[in-house]
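J.: Take a look at the following structure, please.
The values are calculated or read from the model by the stated rules, or taken from the named source; none is laboratory data. Computed from a prediction, not measured in an experiment: that's the story for all the values here. Because the Cβ atoms are built from the backbone with ideal geometry, glycine has one as well, and the counts that use them run over all protein chains shown.
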Amino acid sequence: MPCGKAKRVALKFGYDGSIVSETHPAMPLLALIGSANSGKTTLFNALTGSHYDTVNYPGATVEYAMGASRYLPEFPCQVMDTPGLTSLVPSSPDEKVTVDALFKKEQQPDVVVAVADANQLSRHLYLVKQLQELGFPLVLVVTMKDLLHRKNLRVDEARLSELMDCPVIAMDPRKPDVLPKLSEVLQTLHAGSKNRVRPSIAEYESFASHLDEVRISGLFATLDQVEKLVVRPVQTDAAHPAPPLKPVAGIGADRILLHPFWGLLIFIASMSFIFTAIFWMALPLMNGIDFLFGHLVEGTKHVLPDSWFTDLFADGILGGIGAVAVFIPQIAILFLSMGYLEDSGYLARGAALVDRPLSKIGLNGKSFVPLLSGYACAIPAMMAARTIPNRFERKVTLFIIPLMSCSARLPVYALLLAFLTPKDKPWLGGLAMTGLYVMGLVLGAIVSTIISRFSRMKREASGFMLELPALRGPVLRVVVVSAWHKSAQYIKKAGPAIVVISLGLWILTHTPVPSKTDPNVSGEYVTISNSYAASMGHFIEPITRPMGLDWRGGVALICGFAAREVFVGSLALVYRVQEAQDDAGLSGKLLSRMHDLRFEDNGELIFTPSTCVGLLVFFMIALQCLSTVAVARKEMGSWKPALIQLTLFTGVAYVLTVMVVQGLRMLGVA
């Protein structure tokens, strides 16, 4: 449906910074506006089918996302999801994103869907009244009606529509059975508001300047009366008695989940179970994928002629793809587990639980969301730090986010822990992996404490308020689809980089191609010891040798700065594990060869317990990928803190790694 506007500016990013969809200038723009935890982003998923990141703690959406509607047959449009806010007077950077989206002429919505939680109706209606006062055409969508129904209560949609003077639809966004009705209402509303003049920035500034305490208090008193009039008991009769009253989940459970001792113990136990599952539950799937690609590489070599180009395709390209695919089960289990906890409302309790410990290190519970997001990827985690209104706390959070063990480190952890862990005791690997993740938090706490104690930056007053969503059973379909989408995003983001770097490293280790009369020729191409990669590796070997690595391991380490997960595939390439004559998959061959690889000059083993423990320390602290450095510069506003962050963490990691490796050797640990 044409809206008669110029082409819109395409500012539409997903949770990882990727473009979500294309804009279509002929389509009207629909904006979803509402408080955090109101079900706004879940409704966005239902409308667009884009499976945008769905979480239920404050500040989950740090950029507004755009998607074309798929399930509004009567009203094809662009749908814009925005960060949650409680008032049109923003109190944090993420709330300002929403206000800017509403009043910028090139991105101004044609219709607004205001989303309100039925269980907190009067408070959420305050934002609706502000939108109405400024003249936005809107539909009020009331969510969480299932939780209200547990109290044998319902929202009288007709009465609320009459009192608020706007269309009202009560729905559960996770079960979008009323989307056709919403589509019809939106079509009618848009048709009647085509010629309406949208509010300007000047009108908004005038509105904001006239808000005072007396006016706000009076409006809330009125909205309290509205809630009392429209929230009514479920109508019953003799033939249809009222359902038995169900207690709202969380009232009793929160006494335990938010307990300073038992709550923290449950949280640690939950995280330990998740990381243990990542280690051993994914193992059969990883072995299957590894076995498949191993045979695919060998089969390709048998089918195609024996040549440099055949090995390039088999070992360089197929081997690189296998290096991506083998770790997908671990990534998927991580996202699935976190998604389940997010959708249930438990992670919001985690934010409340850690507020007091975080306050001891100069942060507060608002930092919990970005730090937790850092376990998936540092890039969206840094974007999520925009939700922290306190400037000092935001910068400290940005500085320590790279210390959180992101999903890119999982392949490295899995390989090194598999080397160190007895095959008959995989649970030890799970506990060790949990320890690595906990140590990331500990190191972050240490760095934050040091900065907070010695920084000269001017501090602002800090506070933490958190609206806890109700505990509820997650919808399995929503959790699975979200995990699938995040895993796909990981593959799209990391996969091409890993394959390209693996391919480039293969070429470096197999060039230059000399004449056949060259005594260093092995088959049709040069041996790795005379390759370009060898020249680079020998140059840095004085640095990597104290870490327990030879020049080949140093080359793989450098590749890890491009993307941390590349390290595993790089090891396979520089140590030529594809050439091993056994039936194991690629990772199986690498793990098997690691026990036998030796230094070229003295014949000592390279990968020993001391070396692997040292590498775990190094990867836990250092090796920010270059993309993270670029985002850090953007979020911190300067290259200086980003480069200090990179240099400091890399330098400290190197020193600690050398101390660990050499110290263990002095203690007799090989």
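J.: Output yes when any residue across the range 418-436 is touching a Lys or Arg at 6+ places or on another chain (Cβ under 9 Å), under 30 Å from M286 (Cβ atoms) and modelled with pLDDT of 80 or more, and no when none is.
T.: Yes, the range 418-436 contains at least one residue that is touching a Lys or Arg at 6+ places or on another chain (Cβ under 9 Å), under 30 Å from M286 (Cβ atoms) and modelled with pLDDT of 80 or more.
J.: Going through the range 637-670 one residue at a time, which ones are in contact with a Phe, Trp or Tyr (Cβ under 8 Å, 6 or more places away or on another chain) and farther than 30 Å from I606 by Cβ?
T.: Within the range 637-670, P641, Q645 qualify.
J.: Let me spell it out: the conditions are (1) free of Cβ contacts under 8 Å to residues at least 12 places away in the same chain; (2) within 22 Å of C559 (Cα to Cα), and I401 meets all of them except one. Which number is the exception?
T.: (1)
J.: Scanning for something within 20 Å of V479 (Cα to Cα) and of a type in the set (K, R), does the range 331-350 turn up at least one residue?
T.: Yes: the range 331-350 contains one or more residues that are within 20 Å of V479 (Cα to Cα) and of a type in the set (K, R).
J.: In this structure, is S487 at pLDDT 75 or above, outside the structural domain of P411 (by TED's automatic domain parsing), in contact with a helix residue (DSSP H, G or I) (Cβ under 8 Å, 6 or more places away or on another chain) and not hydrophobic (A, V, I, L, M, F, W, C)?
T.: yes
J.: Collect the residues in the range 205-244 that are of a type in the set (V, I, T), modelled with pLDDT of 80 or more and closer than 20 Å to K145 by Cβ, keeping them in residue-number order.
T.: V226, V230, V231
J.: Still on this structure, I have one more. Please name all residue pairs, on different chains or six or more residues apart, with Cβ atoms under 6 Å, provided the first residue is in the range 192-210 and is closer than 12 Å to F103 by Cα and the second residue is of a type outside the set (D, E, K, R).
T.: Filtered contacts from the range 192-210: R198/Q108; P199/L134; P199/G135; I201/F103; Y204/F103.
J.: Tally up the residues in the range 75-96 that are part of a helix (DSSP H, G or I) and surrounded by 21 or more Cβ atoms within 10 Å (Cβ to Cβ), please.
T.: So the count comes out to 2.
J.: Here's another thing I want to ask about it. Just need a number here: residues in the range 98-126 that are closer than 13 Å to L32 by Cα, of a type outside the set (S, T, Y) and in a helix (DSSP H, G or I).
T.: Within the range 98-126, residues that are closer than 13 Å to L32 by Cα, of a type outside the set (S, T, Y) and in a helix (DSSP H, G or I) number 3.
J.: Taking only pairs six or more apart or across chains, which ones have beta-carbon atoms under 7 Å, a first residue in the range 635-652 that is outside the structural domain of D94 (by TED's automatic domain parsing), and a second residue that is of a type in the set (G, A, S) and part of a helix (DSSP H, G or I)?
T.: E635/A385; M636/A642; A642/A632; Q645/A632
J.: Hey, can you tell me all the residues within the range 387-402 that are more than 12 Å from S367 (Cβ to Cβ) and out of contact with any Phe, Trp or Tyr (no Cβ under 7 Å at 6 or more places or on another chain)?
T.: R391 - this is the single residue of the range 387-402 that is more than 12 Å from S367 (Cβ to Cβ) and out of contact with any Phe, Trp or Tyr (no Cβ under 7 Å at 6 or more places or on another chain).
J.: Can you spot a residue in the range 181-204 that is exposed (fewer than 10 other Cβ atoms within 10 Å of the Cβ) and modelled with pLDDT of 75 or more?
T.: Within the range 181-204 (the criterion being exposed (fewer than 10 other Cβ atoms within 10 Å of the Cβ) and modelled with pLDDT of 75 or more), the answer is yes, since at least one residue qualifies.
J.: May I ask you to list pairs of residues, at least six apart or on different chains, whose Cβ atoms are under 7 Å apart, with the first in the range 211-226 being under 13 Å from K129 (Cα atoms) and the second being of a type in the set (A, V, I, L, M, F, W, C) and part of a helix (DSSP H, G or I)?
T.: L223/L125; V226/L125; V226/L163
J.: Can T657 be described as among the polar types (S, T, N, Q), surrounded by 13 or more Cβ atoms within 10 Å (Cβ to Cβ) and touching a residue at least 60 places away in the same chain (Cβ under 8 Å)?
T.: yes
J.: Please give the helices (runs of 4 or more DSSP H) falling wholly within the range 132-233 in which 3 or more residues are under 21 Å from V112 (Cβ atoms) and assigned by TED's automatic domain parsing to the domain that holds V79.
T.: The helices (runs of 4 or more DSSP H) meeting that bar are 157-164, 179-192, 201-209, 213-230.
J.: Now for a different question. Would you mention how many residues in the range 278-311 are among the β-branched types (V, I, T), out of contact with any Gly (no Cβ under 8 Å at 6 or more places or on another chain) and either modelled with pLDDT under 80 or not in a helix (DSSP H, G or I) (or both)?
T.: Qualifying residue count for the region: 0.
J.: Here's something else I'd like to know. Does any residue in the range 306-326 that is outside the structural domain of A497 (by TED's automatic domain parsing) come within less than 6 Å, Cβ to Cβ, of a residue that is outside any helix (DSSP H, G or I) and not charged (D, E, K, R) six or more places away or on a different chain, and which pairs are these?
T.: Close Cβ pairs satisfying both conditions: W308/Y525; T310/L304.
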